[in-house]
Amino acid sequence: MRDANALLQRRELMQERMREDGYLLLRGVLEQDLVLHARKTVLDSLQSDGQLDPGMPLMDGVPKSDIKLSFQPELAQKNNQPLQQLLYDTNCNLMRLFRRFLGGPVLHFDFTWLRCLSPGLGTPSHCDIVFMGRGTRNLYTAWVPLGDVDFLTGGLMVLENSHTNGRLRETYGSRDVDSYCENRPNDPALTANGYNGWLSEDPNLIRESLGGRWLVAEYEVGDVVIFCMDLVHGGMDNRSNRLRLSSDSRYQLASEPADERWIGENPSGHSRAGKRGRIC
Ligand SMILES: O=C(O)CCC(=O)C(=O)O
Ligand SMILES: [Fe+2]
């Protein structure tokens, strides 16, 4: 991936790069003390639940060998005050960055996707639009490494130019994981085994079929990647003995419609309350 730090002061240049690449990699722009504090808060909580190897330093985040963790949004909520501040405080760098990039007052989703990925396979390839596409498409994800993430630990990867694929946008990209057929009793989409939203579980196959390269980077505390809803991305495998900690959160102009599943005190998310029927 290439970084976009040189464009930071100019909204038009950031917008142009986003149209061109589908992502902006920004190095060292977040408050490092808040990132580390957020990491510590997550690890403190895992440690008090007995999930970390007590023989290893806390901040290394080494899980016990029999512990499998992945998506842990409960560790991102109000009790993780430094993370909330880092991601959503209007006076902190990330919200300021979005104000500049979007050019107006910013609305963020209240739900935070917090990941503590155990050693093992990475997040399958997907576009975010299928999980959060009921409002504006002018919506962006901020992927924030909560700690340094090298190639062994495996962070975010993005598929080059995939956001410009019109056919993908019209097919896969027009789906909604929480939509079901009202006129089909017991539509499996209503159950927990409904469509999971993945484009592919095999990053090599999807690259061969869509073209482009998988673009990767190693990340440090303070970095962030911002990307658009149509960019195919995933997570690299974690081949280390540590957890890979990161958060992803979402931002848009406050003046544009928002996907109600992710807004409010207790967002409905992909629960039954978030399902929407249609006639098929
Ligand atoms: O962190 C990951 O493994 C996946 C991240 C992701 O899908 C996202 O930020 O939207
Ligand atoms: Fe995603």
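The values are calculated or read from the model by the stated rules, or taken from the named source; none is laboratory data. Small disclaimer: the values here were computed from a predicted structure and weren't measured. Ideal geometry is used to build each Cβ from the backbone, glycine not excepted, and the neighbour counts take in all protein chains shown. With ligands, DNA and RNA removed, areas are computed over all heavy atoms of the protein, side chains included. Shrake-Rupley method; radii C 1.70, N 1.55, O 1.52, S 1.80 Å.
Key figures
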quantity: Residue ID - modelled with the highest pLDDT, chosen from residues in the stretch 228-280 that are touching a Cys at 6+ places or on another chain (Cβ under 9 Å) and open to solvent by 70 Å² or more (accessible area, probe 1.4 Å); calculated: Ile279
quantity: Qualifying residue in the stretch 175-197 (condition: surrounded by 20 or more Cβ atoms within 10 Å (Cβ to Cβ) and acidic (Asp, Glu)); calculated: yes
quantity: Contacts under 6 angstrom Cβ, first residue in the stretch 108-130 being aromatic (Phe, Trp, Tyr), partner assigned to a strand (DSSP E or B) and open to solvent by less than 20 Å² (accessible area, probe 1.4 Å), 6 or more apart; calculated: Phe109/Arg250; Trp113/Asp248
quantity: Residue that is farthest from ligand 1 (Cβ to nearest atom) [pool: residues in the stretch 78-87 that are part of a helix (DSSP H, G or I) and open to solvent by 40 Å² or more (accessible area, probe 1.4 Å)]; calculated: Gln81
quantity: Tally of residues being in contact with a Pro (Cβ under 9 Å, 6 or more places away or on another chain), open to solvent by 80 Å² or more (accessible area, probe 1.4 Å) and not acidic (Asp, Glu) across the stretch 16-42; calculated: 2
quantity: Residue within the stretch 44-51 that is among the small types (Gly, Ala, Ser), buried (at least 20 other Cβ atoms within 10 Å of the Cβ) and either touching a helix residue (DSSP H, G or I) at 6+ places or on another chain (Cβ under 6 Å) or free of Cβ contacts under 8 Å to residues at least 12 places away in the same chain (or both) present; calculated: no
quantity: Within the stretch 132-171, considering residues that are hydroxyl-bearing (Ser, Thr, Tyr) and closer than 21 Å to Glu20 by Cα, the one nearest to ligand 2 (Cβ to nearest atom); calculated: Thr141
quantity: One residue from Asp110, Asp128, Asp150 being closer than 30 Å to Lys40 by Cβ, at pLDDT 95 or above and away from ligand 1 (no atom under 16 Å from the Cβ); calculated: Asp110
quantity: Filter result for Thr90 (open to solvent by 50 Å² or more (accessible area, probe 1.4 Å), under 13 Å from Leu231 (Cα atoms), modelled with pLDDT of 95 or more and away from ligand 2 (no atom under 16 Å from the Cβ)); calculated: no
quantity: The stretch 224-244 residues that are away from ligand 2 (no atom under 16 Å from the Cβ), paired with ones that are open to solvent by 10 Å² or more (accessible area, probe 1.4 Å) and among the aromatic types (Phe, Trp, Tyr) (beta carbon under 9 Å, 6 or more apart); calculated: Arg239/Phe151
quantity: For Lys78: the one exception among (1) touching a Leu at 6+ places or on another chain (Cβ under 6 Å); (2) away from ligand 2 (no atom under 13 Å from the Cβ); calculated: (1)
quantity: Residues of the stretch 61-77 classified as part of a helix (DSSP H, G or I) and open to solvent by 40 Å² or more (accessible area, probe 1.4 Å), total; calculated: 1
quantity: Qualifying residue in the stretch 176-189 (condition: within 16 Å of ligand 2 (Cβ to nearest atom) and either among the basic types (Lys, Arg) or over 22 Å from Gly122 (Cβ atoms) (or both)); calculated: yes
quantity: Hits in the stretch 230-267 (condition: within 19 Å of Leu24 (Cβ to Cβ) and within 13 Å of ligand 1 (Cβ to nearest atom)); calculated: Asp230, Leu231, Val232, His233, Gly234, Gly235, Ser246, Ser247, Asp248, Ser249, Arg250, Tyr251
quantity: Residue tally, condition assigned to a loop (DSSP other than H, G, I, E, B) and closer than 27 Å to Gly269 by Cα, over the stretch 31-60; calculated: 2
quantity: Scope the stretch 131-142; condition open to solvent by 10 Å² or more (accessible area, probe 1.4 Å) and within 9 Å of ligand 1 (Cβ to nearest atom); matching residues; calculated: Phe131
